[in-house]
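Q: So that we are looking at the same thing, I have put the structure below in structure tokens.
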Amino acid sequence: MQIKIKKAIVYVRISTEKQLSNTSIEQQILAIKEFCQENGITIVTIYIEEGSAKSIEGRPEFIKMYNQFIGNEDVNCLIVYKLDRAFRNFLDSIFFWNKLGDVNKHFISIADNINTQNPDSKTSYYINAYLAEKERDNILLRTSNGMKAKAEKGYFNGGVVFGYESVSKKLRIVPSDVYCKIKVVLTVVW
């Protein structure tokens, strides 16, 4: 027996500026609102998260959303645009799947065509959750390799290095008169 989904919480997220062109917050919300309208689902709350995190622990809006979702008996579904917007950690997604069963609630990922009301959705959910973590690992590897290659060419990767400034993506020693002024300001402030 399927439960009619009447009220849902929505969670949308972007982790980088690069995602704005293909999965912006606005595009995710629009797609979810259209889906809800077509299916007679009322949106109770939309949680918006901007930023990247290894797991749900680094996402305060996800934690608020999760607590409302689990604790609100009137809400019986969480809707996301794509599963990787909610989970990039496979173990987090498995924990969430198990919790859904405990509280008799559902999860819908529009782009992945996942609706946990369908008993066959578990395989698709797990595959997409695994792929989301794998993509996160690939992003980290590409970023690390890119930073290493940049450093090998003598370019600066960012951060603050006392006594230096970044000019055209390379570090340059701050001239001594500027360094002295900075030292005086820091001495006064501290």
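Q: Can you pull out the residues in region 19-31 that are modelled with pLDDT under 95 and surrounded by fewer than 16 Cβ atoms within 10 Å (Cβ to Cβ)?
A: Those that are modelled with pLDDT under 95 and surrounded by fewer than 16 Cβ atoms within 10 Å (Cβ to Cβ): Leu20, Ser21, Asn22, Ser24, Glu26.
Q: Restricting the search to region 61-93, which residues are farther than 15 Å from Lys134 by Cα and either among the β-branched types (Val, Ile, Thr) or out of contact with any strand residue (DSSP E or B) (no Cβ under 8 Å at 6 or more places or on another chain) (or both)?
A: Matches in region 61-93: Ile63, Tyr66, Asn67, Ile70, Gly71, Glu73, Val75, Ile79, Val80.
Q: Next question. If I go through region 100-132 residue by residue, how many of them are part of a loop (DSSP other than H, G, I, E, B), free of Cβ contacts under 8 Å to residues at least 24 places away in the same chain and of a type in the set (S, T, N, Q)?
A: 3
Q: So is Leu91 within 16 Å of the chain's Cα centre (by Cα), among the hydrophobic types (A, V, I, L, M, F, W, C) and in a strand (DSSP E or B) or not?
A: no
Q: Name the residue that is nearest to Leu78 (Cα to Cα), counting only residues in region 113-129 that are within 20 Å of the chain's Cα centre (by Cα) and either loosely packed, with under 14 Cβ neighbours inside 10 Å or modelled with pLDDT under 70 (or both).
A: Asn113
Q: Then there is this: Report, by residue number, each residue of region 48-58 that is open to solvent by less than 50 Å² (accessible area, probe 1.4 Å) and either modelled with pLDDT of 95 or more or polar (S, T, N, Q) (or both).
A: Hit for region 48-58 is Ser55, nothing else.
Q: What is the one condition in (1) open to solvent by 40 Å² or more (accessible area, probe 1.4 Å); (2) at pLDDT below 85; (3) within 25 Å of Lys99 (Cβ to Cβ) that Thr16 does not satisfy?
A: Going through the list (1) open to solvent by 40 Å² or more (accessible area, probe 1.4 Å); (2) at pLDDT below 85; (3) within 25 Å of Lys99 (Cβ to Cβ), Thr16 breaks only (3).
Q: Identify the residue in region 59-88 that is among the charged types (D, E, K, R) and either part of a loop (DSSP other than H, G, I, E, B) or in contact with a Cys (Cβ under 7 Å, 6 or more places away or on another chain) (or both) and, among all such residues, is least open to solvent (accessible area, probe 1.4 Å).
A: Arg59
Q: Across region 94-112, which residue is surrounded by the most Cβ atoms within 10 Å (Cβ to Cβ) among those that are more than 15 Å from the chain's Cα centre (by Cα) and among the small types (Gly, Ala, Ser)?
A: Ranking the candidates gives Ala111 first.
The values are calculated or read from the model by the stated rules, or taken from the named source; none is laboratory data. Everything numeric in this text was worked out from a predicted model, so none of it was measured. We place every Cβ from the backbone using ideal geometry, glycine too, and count neighbours over all the protein chains shown. Just so you know, the surface numbers come from the protein's heavy atoms only, side chains and all, with ligands and any DNA or RNA stripped out. Shrake-Rupley method; radii C 1.70, N 1.55, O 1.52, S 1.80 Å.
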